[in-house]
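Trainee: Provided herewith is a single structure, encoded as C-alpha cells, for subsequent inquiry.
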Amino acid sequence: MRAVPASDRPPRSSRSRSSSSPSSPAPGRDAALVLVALLVTAGCAVPNLPLPIGSDGDDRLGWEGGYAATDPIAVRTADGLNRSEREAVVARTMARVEAIRGLEFTREVDVRVVSRAEYRDRRANATGGDGAFREQVWEAAFLVGERATVGEELDAVYGTSVAGYYAGGDVVVVSEGSTPTIDTRTLAHELVHALQDQHLGFGPDRRTFDGRLARDGLIEGDATAVEYAYEARCGAEWSCLPRPDRDGSGSTVPSNAYFALIQPYAEGPAFVNALRERGGWAAVNDAYDRVPASTEQVIHPARYPDEAPVEVRIEDRSSDGWTRFERDTPRTTLGEATIYAAFRANGVVEGGGRFDYSHPLSAGWAGDRLVPYRNGDAAGYVWRIEWDTERDAREFTRGYRDLLATRGATRGGNVYVIPEGDPYADAFRVTREGETVTVVNAPTRGALDDVHRVE
C-alpha cells in the first residue's frame, strides 16, 4: 500500500488549527545541542585543552585565525597534535564551515575534548524533569517500557552515540579511548551550532514531544547538511585529515528511544536541502523565524510551512479516582516521526540500516494529542490522532493492532490486553471513527472506562 500523495489530501482549512504549543516533556535530550552519530567516530589525538578561536581584525568569510578554507596545514597526526597544530586544525575547520554555510564567526569558540567515560559521568550527574509524566509519555510511544526509566534509556542512547555537543558558546568533542581524539567532521557539525547561536538563534522553545523534534529537524539538519558538504569536498577540493578507524562501539542501536531521537539527523538534512532548492542558504536562515511546526513538515518538506497540524481535543471522561496529571497543560503531541519510531522499534516496520520516516503507516498524520492520567501509583492515558483521510486512519489502526500483537496482546472486540511480564503490559481500547483514531490505555480492562468512558 502507498501513502496518499499530498495532492490527493483534503485541505486542512476545514479543521481548527492549533495556535499555541501545549506543554509537555521534551524528548529527553540535553539542553546542549548534541551530535548523535549512527556510528561513534574518533579522530586524531589532541591535547585536552580549551582553545579559543575567534575573528581577526581583518577577518573575512572563509578565513579564520590566519587560515583560508583551501590552505594546507602541516600536521602530524600519528603522535597527536601540539597546541599550534591543533590551533591550525580548528581555525581551518572554522574557515571551511564559513565557506560552506556563508556565515562569519563573530566571536570566540572554545573547543574542548572529553573522553566518553567523562561524558557519561557528566550525564550521570545531570537530572531530568517531569517524572511520572515523562515516563508515561515515552511508554505510550512504545519506546520505553516499565522495566527501565526514561533517564536510563536516554543515557544508553547518548552515552554510546553522542560524538560531540555545543553548549554555552563552547564546542565539546567526545573521544574514544584513553588518548583525547577529535574528528574534524564532528567539529564542523558542532561549529555550525556556534554560527546558529551567533546569527540565527535556535527558534522558540518547543515543549511538545513532536515540536521539539521538529525544531531539531531544522537545527540538526542544518549542521548535518554542512557536515556532509564538508566531507564531500575532502579529496576533491580540500586536503583533509584522515578519519581514524571507527571502533564500532556505536554500530548497534542502544535503545528503542534511539529511533525517535535520531530522526532530526536522518530527515533534517533533506529538509534543509529542500529549503536550499527554494532559495539557497537564505531560505534556511529565514526558517529560523518560522521553525517547522511538526515533524510531518520535516519529513515532507513540501508541507512546510503551510500544512500546519490540526488542534486535537480530548474531553475529560474519567471517573473513580482517575485524574489528569497535575500540570498546567497535561498533554503532549507525539507526531508522525514518533509514530513511525514506535512501529520501527517494535518490528512492525523493517528498515535495516536505513531510517526513512515517510511510511504508509504514519504518513497522513494531521495532528494528535496525548493526555496521561493517574490514580495513585497507577497510570493510563488517552491518545487521539487525526488523519488526513479515512484510509490513512485505517492504515494506522492496522499497524497499531500489529504492534500490540508483537507484544503478545490478546483481543476481545476493540480491547487488547498485553500480558504480564511484558514491559508494556496493559489494556488498550482502540477505536476509529472516520479520520479519527482514539487509544485508551489502563492497567486493566476494567479500568478503561474509568480512564475514559465510552459515550
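The values are calculated or read from the model by the stated rules, or taken from the named source; none is laboratory data. Just so it is clear, the structure is predicted and the values come from calculations on it, not from any experiment. For neighbour counting, all protein chains shown are included, and Cβ atoms are generated from backbone atoms with ideal geometry for every residue, glycine included. With ligands, DNA and RNA removed, areas are computed over all heavy atoms of the protein, side chains included. Shrake-Rupley method; radii C 1.70, N 1.55, O 1.52, S 1.80 Å.
Trainee: Hey, what's region 401-455 come to in accessible area per residue, 1.4 Å probe, Å²?
Mentor: That works out to 45 Å² per residue.
Trainee: Now, a different point. For region 270-366, rounded, prolate or oblate, judged on the Cα gyration tensor with a ≥ b ≥ c (square roots of eigenvalues), a/c < 1.5 rounded, else prolate if a/b > b/c? Walk me through the numbers before you get to the answer.
Mentor: On the way: a/c = 2.92, a/b = 1.49, b/c = 1.95.
Since a/c reaches 1.5 but b/c is at least a/b, the shape of region 270-366 is classed as oblate.
Trainee: Another question, if that's okay. Can you send over the carbon and sulfur percentage of the accessible area for region 92-225, probe radius 1.4 Å, protein chains only? Please report the intermediate quantities before stating the final value.
Mentor: Working: 1800 of 4030 Å².
Carbon and sulfur atoms account for 45 percent of the accessible area of region 92-225.
Trainee: In whole Å, what are the Cα extents of region 319-388 along the three principal axes, biggest one first?
Mentor: Projected onto the principal axes, the Cα atoms of region 319-388 cover 44, 26, 19 Å.
Trainee: Kirkwood hydrodynamic radius (Cα pairs, Å) of region 332-455?
Mentor: Details: mean 1/r = 0.0672 Å⁻¹.
Hydrodynamic radius (Kirkwood, Cα only) of region 332-455 equals 14.9 Å.
Trainee: Relative contact order for region 298-455: what percent, with Cα pairs under 8 Å and sequence separation of 6 or more?
Mentor: Averaging sequence separation for qualifying contacts and normalising by length gives 24 percent for region 298-455.
Trainee: Give the carbon-plus-sulfur fraction of the accessible surface of region 333-455 in %, rounded to a whole number; probe 1.4 Å, heavy atoms of protein chains only. Mind showing how you got there, number by number?
Mentor: Details: 1920 of 4400 Å².
Its accessible area is 44 percent carbon and sulfur atoms.
Trainee: Given R₀ = 25 Å, what would the calculated FRET efficiency be for Arg317 paired with Glu390, taking r from the Cβ atoms and rounding to 0.05? Each step should come with its number before you reach the end.
Mentor: On the way: r = 24 Å, r/R0 = 0.96.
Computed FRET efficiency for Arg317 and Glu390: 0.55.
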